[in-house]
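Below is one structure, written out as C-alpha cells; the observations come after it.
What follows draws every value from the coordinates through simple rules; no lab data is involved. Nothing here was measured: the structure is a model prediction, and the numbers come from that model. Reconstructed Cβ throughout: ideal geometry from the backbone, glycine too, with neighbour counts over all protein chains shown.
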Amino acid sequence: MKRLAVLLSGRGSNFKAIYKAIQDGNITNAEIAIVISNKADAKGLLFARDVGLDARFIDPASFSSREDFDKHVVNILNSKQIDLVCLAGFMRLITSYFINAYKDKIINIHPSLLPSFPGLNAQKQALEYGVKITGCTVHFVDEKVDHGPIILQRAVPVFDDDDVESLSERILKEEHKIYPEAINLIVNDKVEIKGRRVIVKKS
C-alpha cells in the first residue's frame, strides 16, 4: 500500500477528488497518510480533519527561511514513510532541498496544457492569448515552475463567451478526473520517466 501526502493551501477540491477516488476504488494500492497546509483556515485541511485524516497546519512564519520550512515538512514526510507527494493547490514554491529529498516522487496539477501558460492565472493567460483549446496537466515537479515531465493532459475547449470563472470551472472538472488517474498509474508502477517523457506501461 503506497502512502500519499497531500499539500494544499485552499479549498482542496483536487484533494477531495483524490480522497473520493480512493474511497470509490478508482485509486488502488494507496492511502492518504497525511495532509499538510501552510494556511490554518484552509477548507481542505478542515475537510481532512472531518474525515479523520492526519491533517496538520505548518506556519511558515515559524521558520527563518523557505528551506527551513521545507526541511521540517520533509522530516514529517519521512516519519510518515511517504511514497508520493501530491501538490493540490499548494501556494508555495518548494525548494531544491524538498525536490531532491523526494526526487520523482512529487506531482502537481496545473490548469493549462503545459508548456503553455505556466505560473499563476493560467486560465486568464489562455483567454488573453486567444487560444481555442486549453486544459490541464499532471506533471512531476522539478526545480522550475510548472516544468517537470508530463504524466497526463486533458484538453478543454475555450468558448467565445468564456470568462475566467466559466473556463476555470470546466478545467477543474477535468482536473478532478486526471489527477486521480495519474496517481493510480504511479502507485501501481505503471509509469516510467525517460528524460522529459513519461511512458505509461501497457501491462
>> Over the stretch 55-119, what is the relative contact order in percent, taking alpha-carbon pairs closer than 8 angstrom and at least six residues apart?
In response: 32
> Is the stretch 95-139 rounded, prolate or oblate when judged by the Cα gyration tensor, a ≥ b ≥ c being the square roots of its eigenvalues, rounded requiring a/c under 1.5 and prolate requiring a/b larger than b/c?
Replying inline: prolate
>> Classify the stretch 1-103 from the C-alpha gyration tensor, please: rounded if a/c falls under 1.5, else prolate or oblate depending on whether a/b exceeds b/c.
In response: oblate
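What 222 nm value per residue comes from the helices of the chain, counting each DSSP H run with n ≥ 4 as -39,500 (n - 2.57) and dividing by all residues, nearest 500 deg cm²/dmol?
After summing the helix terms and dividing by residue count, I get -11000 deg cm²/dmol.
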>> Out of all DSSP beta bridges in the chain, what portion is antiparallel? Express it as a percent rounded to 5.
In response: 45
> What's the exposure ranking of 91, 1, going from fewest to most Cβ atoms within 10 Å?
Replying inline: 1, 91
> Structure shown: which of 2/71; 132/201; 16/124 lie over 29 Å apart, alpha-carbon to alpha-carbon?
Replying inline: 132/201
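Please compute the contact order of the stretch 1-103 in relative form: average sequence separation of alpha-carbon pairs under 8 Å and at least six residues apart, divided by the residue count, as a percent. Walk me through the intermediate numbers first.
Values: 167 pairs, mean separation 38.7, N = 103.
Across the stretch 1-103, relative contact order equals 38 percent.
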> Classify the chain: rounded, prolate or oblate, from the alpha-carbon gyration tensor (a ≥ b ≥ c, eigenvalue square roots; a/c under 1.5 rounded; otherwise prolate if a/b is larger than b/c)?
Replying inline: rounded
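With N set to the residue count of the stretch 109-203, report its C-alpha Rg divided by 2.2 N^0.38 Å to two decimal places.
Details: Rg = 13.8 Å, N = 95, 2.2 N^0.38 = 12.4 Å.
Relative to the 2.2 N^0.38 Å estimate, the stretch 109-203 comes out at 1.11.
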> So for the stretch 109-203: antiparallel DSSP bridges make up what percent, rounded to the nearest 5?
Replying inline: 95
